[in-house]
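Visitor: Okay, here's the structure, questions in a sec.
What follows is calculated from the coordinates using simple rules that are stated; it is not laboratory data. What you see is a predicted model; the values in this text were computed from it and never measured. For neighbour counting, all protein chains shown are included, and Cβ atoms are generated from backbone atoms with ideal geometry for every residue, glycine included.
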Amino acid sequence: MKLERLISITYALLNQEVVSATELAEKYQVSPRTIYRDIEAIGAAGIPVVSYQGVNGGFGIIKEYKMDRSLLGADDVNSLITLLHSTATVFKDDRAEDTLHRLRTVQPVERIPSLNLDLGSWRMNNALLHELRTAITDRRVVRFGYINAKNAHVERVVEPFNLQFKYYSWYLHGYCRTREDYRVFKLSRMTNLMTTEEEVCRSHAPPAMNVGADLRRGRDMTGAVIRFDASAVATALDCFYAEERRFDEAGSLTIRIVNPTDVDWLVSTVLSFGGDAYVEEPAWMRQEIRDKIEKLRARYEEV
């Protein structure tokens, strides 16, 4: 009960300029002497509580410790809380948790969030994310095995700069000492990550992280049109919910993808629909799908 009262008093001090001992005593149904002891405990915990004398005196927290509520609107605060909560969950970030506590003190009314963001996934190794984030923060060089786009196993020594979540996947951007240039690495293709004791020596800003160019692998891709049978419309909408779409009278769905980025993912996704999807354009994608189907057919005929 005392702990809950101490936390509640701390929030009251953060949200008000000055609170009197009498007001706090009445609110928590304790004596003023108990409130004085609580204030001492809060100060001993490292929160800078100050005492104000006079008729309108009481207790408060120094302004430098608090965030100015006028700087952020209610929607801004709630959005930041949602984003920071997701970040703290994925990376186990104590600093993000501390910022969350402060933001909640300027939240006008605690309410059910209108937005939930979960960056975690059963497909992602959060321990890998955490180790890379730590290496970036500590400016340490990392070593890891990597499966490149040609399915070759290679070793890389990288000066990491940042992590990015894009196209449903996490990527590492850094300076590859092996290639002597900046590179983008997909975390799902990494193996045997090791953080070294060697410090990152580069201090200049790297070029913009261009995941899209890496995923095209040099193929000319200006757009794609895919038709899905009525039996596959729901799944197609799950996969391509943000694309231009047209429903046909027969119940089928036509999706137009302008300048797709991850072409390998697109081809694989279309194949997963089997006979319920047909690529109307481009022609080279139809040919690539035919080649993959033929390779799959030949593989099973060998059995």
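Visitor: Å³ per residue of the Cα convex hull, for the range 2-65?
Guide: Numbers: hull volume 5.0 nm³, N = 64.
Convex hull of Cα atoms, per residue: 78 Å³.
Visitor: While we're here: Among 149-155, 173-179, 39-45, 196-202, how do they line up by average Cβ neighbours within 10 Å per residue, starting with the highest? Please report the intermediate quantities before stating the final value.
Guide: Details: 149-155: 9.4, 173-179: 17.3, 39-45: 14.6, 196-202: 11.4.
Packing proxy ranking, top to bottom: 173-179, 39-45, 196-202, 149-155.
Visitor: For Arg286, what charge total do you get from the other residues with a beta carbon under 13 Å from its beta carbon, if Lys and Arg give +1 and Asp and Glu give -1?
Guide: Details: positive: Arg227, Arg290, Lys292; negative: Glu280, Glu281, Glu288, Asp291, Glu294.
Every neighbour counted, the sum reads -2.
Visitor: Taking the Cα centre of each part, how many Å lie between the range 228-250 and the range 124-168?
Guide: That distance is 35 Å.
Visitor: So what's the range 126-215 giving for Rg/Rh, alpha carbon basis, Kirkwood Rh from the mean inverse pair distance?
Guide: Details: Rg = 12.0 Å, Rh = 13.1 Å.
Using Cα coordinates only, the ratio equals 0.92.
Visitor: Based only on other Cβ atoms within 10 Å, what is the fewest-to-most ordering of Ile47, Ile7, Ile35?
Guide: Numbers: Ile47 17, Ile7 11, Ile35 24.
The order, fewest Cβ neighbours first, is Ile7, Ile47, Ile35.
Visitor: Measure up Lys186/Lys295; Lys150/Lys295; Lys166/Lys295; Lys166/Lys292 against 22 Å on the Cα-Cα distance and list the ones that go over.
Guide: Details: Lys186/Lys295 26 Å; Lys150/Lys295 17 Å; Lys166/Lys295 30 Å; Lys166/Lys292 26 Å.
Among Lys186/Lys295; Lys150/Lys295; Lys166/Lys295; Lys166/Lys292, the Cα-Cα distance tops 22 Å for Lys186/Lys295; Lys166/Lys295; Lys166/Lys292.
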